Amino acid sequence: MLARVIQVTAPAIPHELVEEIRTSVDIVDFIGEYVVLQKRGRNYLGLCPFHSEKTPSFNVNPEKQFFYCFGCGAGGDVYNFLMKIKNLSFPEALAAMAERAGIALPAHEERDEDKARQREQQRLLEIHRLAAQFYHSLLTRHPAAQPAREYLEKRRVTSEAVQEFQLGFAPDSWDALLSTLVSRGYRPRELALAGLALPREKRDGFYDRFRNRIMFPIVDQRQRVVGFGGRVLNTGQPKYLNSPDTPLFHKGRVLYGLNRAIEAMRQEGYGIIVEGYMDAIAAHQAGLRHTVASLGTAFTREQAQLLLRYTREVVIAYDADTAGQTATLRGMDILYQAGCRVRVAVLPPGLDPDDFLRREGPQAFREMAEQQALSLIAYKLERAVATRNLSTIEGKVDALNDLMPDLQRVKNAVERDEYVRLISARMNMAEGAIYAELRRQSGQLQKSGTWRDKTENYRHNKDRISLGHQPGHNGPEKQLLRYMLEDPGILPRLKQDLGSEVFSDAAAREIAAALEWRMSTPGLPPLTAIMDHLSSEPARQMFAQLMVGEHPLPGGKGLEDLINKIKINRMQAQIQQKIKEMDRAEAARDLDYSRQLQEEIHALQKEISVLKATRH
């Protein structure tokens, strides 16, 4: 979105024109071309095109010209929808919307260096496209490619898959591709920049990087060939050779087969990750078209973010060897931290996905992925059991320590209880011991005596709230933002009542700042323009949700009651902090400080009682 803001504010594309184009395209009509929408109250409702769901949670508000999915959090205006559904940049979406609206965009005078960069990129894309055609033509027609064709037949790769994935053959020649493309007007140095040629070491000139290899064109989600992978046909090394990093290609930022898996992932509700080209092709042939390959075992955060555009659930199906298991653990952690629900399809020893599909068939693979795949903790538990000696105390301690960081990250109490029971049964360990160690490692010290009892009285006070609440997303702060959307002029009063930091939630603060910008801008830009001034994803999601909300604001003392509620929540949070300090004081036997904290808690409780009285 930051790139979008820069583009929008560029002199060549005024804000007024962006708004004119935006308001010229009705969001309900436009999204209705992709989603079946039905009128529900003020909004239109349908199944979200960005994640799999059976109950509609995708809302479109015709009045505010915004959409929001309460299932996956996708939201925004027509530009955001087109960018996400077609994976376009903002300038590309703007140009498409302008063409649809019949509005001409001003000619943009590009800098010389920008023009040169675009020309270079275009030529590199052309080189890759022509190289893919050259390799594919050789594989399907040339006699020298017979060993490659026999290898693919042996691996049961169909002619349809050869065509679909545009598989090719690089001949055992030093300059077959080089001479062909030079004859088409491309310079050897351009092929070197594209990663398809290498400079000779002892004399001038270049030679082909890929020789005597089956070629796998790597296509990005915009259907452009950006790189290649090549499998050697003899005993040469390396067995698989990928394009180096180029202006078009970075191994850790692409996923093989993603261009053909996007729609299937949305339909299936999850994606499958395998290691290599052949595994991905075998899966697609078997009807598992929601499969992508990570180009080896080094799964990256960039690849995780790429997957998150299309699915929130991922099954890893790497090889069962040691390298594959290590890569699985790393990939699981990266995907989990990125926000994915991640599971592992555990393959039998010695088999890769291609082998398993050939031996057991597609249905068995699907069952393994959907019904037998292990969650993050369950998989790590099995790894801990396999690698630790559980017949010893030390082995049990080490195995439990392996699992603790992930167990601590489980916020749902029911889910955590299930994992504790699973660990207890698998490791022959008392559930109480697991909980005790979990509390210890989480910094929760065990207490006893009268001071403990007094602390517990405060802990379980009915007026207490959890520090884990999310004021911006689920609490009164979001409702306060709804008041500001209706009347941004109330901000001075809010600052007077709540202090300069009206919002504790970062996303809410960002939206409030954008609303201030709107109020101070001549001509008062429309509310939809706020989206262009939000740089974080949480803020954009929250704003989109606010824009499609149908709940009316309460009248009468509604705003005053809301301000008091926020004050009460903040005081209750202070109480929680003081309870923690009491824990530490008790552990240190600092009874004077503990009594002082009790008195401060009493004072806060009195203030809360006064505020509550004013709300009734």
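Return the residues of segment 308-323 that are surrounded by fewer than 19 Cβ atoms within 10 Å (Cβ to Cβ) and either in a helix (DSSP H, G or I) or touching a Cys at 6+ places or on another chain (Cβ under 6 Å) (or both); say none if nothing qualifies.
Scanning segment 308-323 gives 308, 322, 323.
Say whether the condition of being at pLDDT below 90 and among the hydrophobic types (A, V, I, L, M, F, W, C) is met by at least one residue in segment 414-427.
yes
Identify, please: which residue in segment 84-98 is among the hydrophobic types (A, V, I, L, M, F, W, C) and in contact (Cβ under 8 Å) with a residue 12 or more places away in the chain and is, among those, surrounded by the most Cβ atoms within 10 Å (Cβ to Cβ)?
Once the filter is applied, the top-ranked residue is 94.
Need at least 1 residues that are in contact with a Cys (Cβ under 8 Å, 6 or more places away or on another chain) and closer than 30 Å to residue 267 by Cα per element, so show me which strands (runs of 3 or more DSSP E) inside segment 26-145 make the cut, counting only ones lying wholly within it.
Those strands (runs of 3 or more DSSP E) span 58-61, 66-69.
Scan segment 218-239 for residues that are under 30 Å from residue 88 (Cα atoms) and surrounded by fewer than 18 Cβ atoms within 10 Å (Cβ to Cβ) and jot them down.
221, 222, 223, 224
How many residues does segment 146-160 hold that are part of a helix (DSSP H, G or I) and not small (Gly, Ala, Ser)?
Residues meeting the conditions: 9.
Could you list all residues from segment 333-382 that are among the basic types (Lys, Arg), assigned to a helix (DSSP H, G or I) and crowded, with 19+ Cβ neighbours inside 10 Å?
Scanning segment 333-382 gives a single hit, 380.
Taking into account only those residues within segment 398-414 that are assigned to a helix (DSSP H, G or I) and in contact (Cβ under 8 Å) with a residue 24 or more places away in the chain, which is nearest to residue 342 (Cα to Cα)?
The qualifying residue nearest to residue 342 (Cα to Cα) is 406.
Given the residues 393, 377, which is the only one that is free of Cβ contacts under 8 Å to residues at least 40 places away in the same chain, farther than 30 Å from residue 156 by Cα and not aromatic (Phe, Trp, Tyr)?
393
The values are calculated or read from the model by the stated rules, or taken from the named source; none is laboratory data. Quick caveat: nothing in here was measured; it's all calculated off a predicted structure. A quick note on method: Cβ atoms are made from the backbone with ideal geometry, for glycine too, and the neighbour counts reach across all protein chains shown.
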